[in-house]
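Asks: Dropping the structure in here first, questions after.
The values are calculated or read from the model by the stated rules, or taken from the named source; none is laboratory data. Please read all numbers here as calculations on a predicted model, not as lab measurements. Virtual Cβ from ideal backbone geometry, glycine too; neighbours counted across all protein chains shown. These accessible areas exclude ligands, DNA and RNA; they are computed on the full protein's heavy atoms, side chains included. Shrake-Rupley method; radii C 1.70, N 1.55, O 1.52, S 1.80 Å.
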Amino acid sequence: MSRVPVTALGPLASAAAVAVAASGVGAAAAPPQPADAPGFVGSAACGGCHESEMAAWHGSQHALAMQAATAATVLGNFDDATFTQGAVTSRFTRRDGEFFVTTDGPDGEPGEFEIRYTFGVYPLQQYLIAFPDGRLQALGIAWDARPKDQGGQRWFHLYPKQNPHAGDPLHWTGIDQTWNFMCAECHTTELHKNYDAASNTYATTWAEIDVGCETCHGPGSAHLAWGRRQQSWLPWGKGGDDGLRVHFDERQGIRWTIDPATGNAVRSAPRTSAKELETCGICHARSAKIAEGWRPGQQLLETHVPSLLEPGLFEADGKMVDEVYNYASFRQSKMFTRGVSCSDCHEPHSLALRAEGNGVCFQCHEQAKYGAVAHHHHAEGSPAAGCPACHMPERTYMVVDRRHDHGFRIPRPDLSVRFGVANSCNDCHADQDAAWAAAAIERWYGPERKGFQTWTEAFAAARDDAADAAPLLLQLATAPGLPSIARATALENLARWPSREAAEAARQALTDTDPLVRLAALRTLRPLPVEQSWLLGNGLLDDPVRGVRLEAASLLAAMPQNGLAPADRQRLSRAIDDYVAAQRLNADRPESRVNLGNLYAQQGQASAAEAEYLAARSLDPSFIPADVSLAELYGQERRDAEGERILRAALARMPTAPELHLALGLNLVRQARGAEALGEIARAAELDPGNARYAYVHGIALNSNGRTDDALEVLKASQLRHAADRDTLVALITINRDAGRFQQALAWADRLAALDPQARTLRDAIARRAGGEQ
């Protein structure tokens, strides 16, 4: 899930935990900690000794990440202002020092709601409304905090195209606008969600209502006690344990020296950790949370699983598409690989750049070379002459929030021509095509400009099911020196093309030093029989990083335990327990309830699985995987009539959901209602014509209904779009073979064998039949 980024702010709260409880907002005890664990003391306690850092932090986006709504903190116009979106007109008012909005509520009827907190200061400010069950909901109407001459100082809707209504997850009262899950962690310090699944309520607590000192440095009581014991802090670092878990010393004693031959700086010593990036990644990564209580010095994967370079989130070349923040982008960059840390460019307390404009880049890139017109080919001093214009393309999120991609790429419009990815040249020159831009780049810099990120062809092939996808992904997955996030993405994609080579690549990656690569290698093994996956991956049930252990548990949960040694049974059981705990942490989300249902179904616990699927449907009736999974469970229990009712009810709400039509079609197949099933399956393929799986099932259904020629036409059309889809090729082979068309079957078998050498046996068998036909 994505989380709302840190664009909100608030004054210091007391160090005591604060709770959003069923009765409203008030004090609550923090969750129990070990007796000797350091406690949280609040940022105010740090200012006495760290005056300059505190001064820089005050007024920053972190210091003001969330605020109680007061006349001093509310930026929006609450002087009887109105805003209309669709058929709903909302009114913003104030009285007796409090702020209110009159708008459509959870039942769709207008009501007046008090603004409890502000959320964000620039370029927008959102507003939070408290509900009796402990939820804080983020209003879908936000205030544009930009100056008026930049289009700001107005109310606007965050989802103008979707125009969500009551009952929609995106509506401000819906599940996707619940602060406790979606946003809270990155706008407070030491958040504990405290969701109670039995009552569907929250008692959320935090140590501080901002992103305070202890968010990054960890609980400060031990450090505070150490400081009070010191007669002198000098010489710094010589007084033994100072009570801090980790020191951000990646830059300490480091020099960057410009190499005259290249004009680029070289680090005086390699960076040996990524603790800065892992700390920033807690909020500046698109991730799924698996545990609370992250502490500085831990891997991000100890509590969060970051997204890889997935379609919909990133382009094939790795540039950001959706709201992914900066972690994954920066991990792709040459700068990160060469040792750059976040604080090389950003002052970590004020969050300001280390220098203005191009000056931050000229810290490491020779100005005489890279600031010259001969390099950037744009008018001196113009916005296009700025380094970010070409190397950090902007995308706009939340309607008004412009953010730079942190992959630091060279412009590659030639890749736009070949693969359809965007490029920074045409971001500005929208009146020209990519070929024009590619010609200009070649004219200025020559034809050989590969850059650092060289995986576009592999990921584009994977996304297109191209014939060369598997070898390109294998090459990328095993390439030394490339960013680990790209190798991990390649490994995850290889699961779609299982082979001995893919299994061997995974086997090697299971011992990679980067836990993200180890996790992805486990995903490569998913198509294999669980016994084979066990032989390769069971060692990672004991991985030192929680995220990897949970992935191993998910992969190996179906392993029959009667054949395992007692110690192995215990290891597997312990990892599965951790996996369940991670899902229970997010029991307020339908995704986690379906994950639990799938686990229980895998283990043969049908009643427990059913309960989780039903809970998921209750949390979000629009969450399609819950309906589909429940219907599949009922199918396994020969309760298809119940599954049919579930799916038809869901289709009445969401008639254009292809997943539901496919699930209903398969349900009807199990009920031996072939003609009805074919209609539903055909509808799924019609709604999503680019989906290879839907086309495959459609072809099989047509053939089963005696329409062999129609089946072959559907499958051949899909194979043209998805040349490397194994299921489609196998279907073309078997349907032609069964129809006695051995020459056609052989032609398709040749294509399959070219993709998968293990299919040579099948190809040879078809060839013998084809020879007999002649």
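Asks: Collect the residues in the range 54-95 that are open to solvent by less than 40 Å² (accessible area, probe 1.4 Å), within 22 Å of Leu158 (Cα to Cα) and not in a loop (DSSP other than H, G, I, E, B), keeping them in residue-number order.
Replies: Correct list: Ala65, Gln67, Ala81, Phe83, Gln85, Val88, Ser90, Phe92, Thr93.
Okay, residues lined up against (1) closer than 19 Å to Gly281 by Cβ; (2) of a type outside the set (Gly, Ala, Ser); (3) at pLDDT 95 or above:
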residue	(1), (2), (3)
Asp317	no, yes, yes
Met320	yes, yes, yes
Val324	yes, yes, yes
Gln332	yes, yes, yes
Pro348	yes, yes, yes
Gly357	no, no, no
Pro393	no, yes, yes
Tyr397	yes, yes, yes
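Asks: Kindly state which helices (runs of 4 or more DSSP H) lie completely within the range 269-376 and contain at least 3 residues that are over 28 Å from Trp455 (Cα atoms) and free of Cβ contacts under 8 Å to residues at least 12 places away in the same chain. Before you say what the answer is, go through the steps one by one.
Replies: Numbers: elements: 275-281, 327-331, 334-337, 342-345, 367-370, 373-376.
It comes to none.
Asks: Can you work out which of the residues in the range 720-734 that are in contact (Cβ under 8 Å) with a residue 12 or more places away in the chain and open to solvent by 10 Å² or more (accessible area, probe 1.4 Å) is nearest to Ile766 (Cα to Cα)?
Replies: First pass over the range 720-734, keeping only residues in contact (Cβ under 8 Å) with a residue 12 or more places away in the chain: 721-733.
Now drop any that are not open to solvent by 10 Å² or more (accessible area, probe 1.4 Å), which leaves 721-723, 725-727, 730.
Values: Arg721: 25, His722: 23, Ala723: 20, Asp725: 19, Arg726: 17, Asp727: 17, Val730: 12 Å.
Ranking the candidates gives Val730 first.
Asks: I've got another one for you. Could you list, ordered by first residue, the pairs with Cβ atoms under 6 Å in which the first is in the range 576-594 and of a type in the set (Gly, Ala, Ser) and the second is buried (at least 20 other Cβ atoms within 10 Å of the Cβ) and in a helix (DSSP H, G or I), at least 6 apart or interchain?
Replies: As it stands, the answer is Ala582/Leu550; Ser592/Gln583, since those pairs meet every condition given.
Asks: Any residue that is surrounded by fewer than 19 Cβ atoms within 10 Å (Cβ to Cβ) and in a loop (DSSP other than H, G, I, E, B) - is there at least one of those in the range 173-189?
Replies: No: the range 173-189 contains no residue that is surrounded by fewer than 19 Cβ atoms within 10 Å (Cβ to Cβ) and in a loop (DSSP other than H, G, I, E, B).
Asks: Suppose we keep only residues that are open to solvent by 10 Å² or more (accessible area, probe 1.4 Å) and either over 13 Å from the mean Cα position of the chain (by Cα) or among the aliphatic types (A, V, I, L, M) (or both) within the range 302-312. Which one would you say is farthest from Thr215 (Cα to Cα)?
Replies: Step by step, filter the range 302-312, then rank; the result is Val305.
Asks: Only residues that are of a type outside the set (A, V, I, L, M, F, W, C) and over 22 Å from Lys161 (Cβ atoms): list them for the range 77-105, please. Even if it seems obvious, please write down each step before you answer.
Replies: Step one: list which residues in the range 77-105 are of a type outside the set (A, V, I, L, M, F, W, C), which gives 77, 79-80, 82, 84-86, 89-91, 93-98, 102-105.
Within the range 77-105, Asn77, Asp79, Asp80, Arg91, Thr93, Arg94, Arg95, Asp96, Gly97, Glu98, Thr102, Gly105 qualify.
Asks: Another question, then. Within the range 417-431, is there a residue that is without any contact (Cβ under 8 Å) to a residue 60 or more places away in the chain and touching an Asp or Glu at 6+ places or on another chain (Cβ under 7 Å)?
Replies: no
Asks: Only one of (1) in contact with a Lys or Arg (Cβ under 8 Å, 6 or more places away or on another chain); (2) buried (at least 20 other Cβ atoms within 10 Å of the Cβ) fails for Gln561. Which number is that?
Replies: Just one mismatch for Gln561, condition (2).
Asks: Another one. Given (1) in contact with a Leu (Cβ under 9 Å, 6 or more places away or on another chain); (2) open to solvent by 10 Å² or more (accessible area, probe 1.4 Å); (3) part of a helix (DSSP H, G or I), where does Ala626 come up short, assuming only one miss?
Replies: For Ala626, the failing item is (2).
Asks: While we're here: Can you list the helices (runs of 4 or more DSSP H) lying wholly within the range 434-552 that have 2 or more residues being over 28 Å from Ala575 (Cβ atoms) and touching a helix residue (DSSP H, G or I) at 6+ places or on another chain (Cβ under 9 Å)? Write out each step before concluding.
Replies: Working: elements: 434-445, 456-463, 469-477, 484-494, 500-509, 515-524, 530-537.
In the range 434-552, the matching helices (runs of 4 or more DSSP H) lie at 434-445, 456-463, 469-477.
Asks: While we're on this one: Report every pair of residues separated by at least 6 positions or lying on different chains whose Cβ atoms are under 8 Å apart, first residue within the range 181-197 and in contact (Cβ under 8 Å) with a residue 40 or more places away in the chain, second of a type in the set (Lys, Arg) and part of a helix (DSSP H, G or I).
Replies: Sorted first by the residue in the range 181-197, then by its partner, the pairs are Ala197/Arg584.
Asks: Right, something else. How about the range 130-153: which of its residues are open to solvent by 40 Å² or more (accessible area, probe 1.4 Å) and touching a helix residue (DSSP H, G or I) at 6+ places or on another chain (Cβ under 8 Å)?
Replies: Arg135, the sole residue that qualifies.
Asks: Give the residues of the range 105-125 that are in contact (Cβ under 8 Å) with a residue 60 or more places away in the chain and closer than 30 Å to Arg403 by Cβ, sorted by residue number. Steps first, please.
Replies: Pass one, the range 105-125, residues in contact (Cβ under 8 Å) with a residue 60 or more places away in the chain: 105-106, 116-125.
Of everything in the range 105-125, those that are in contact (Cβ under 8 Å) with a residue 60 or more places away in the chain and closer than 30 Å to Arg403 by Cβ turn out to be Arg116, Tyr117, Thr118, Phe119, Gly120, Val121, Tyr122, Pro123, Leu124, Gln125.
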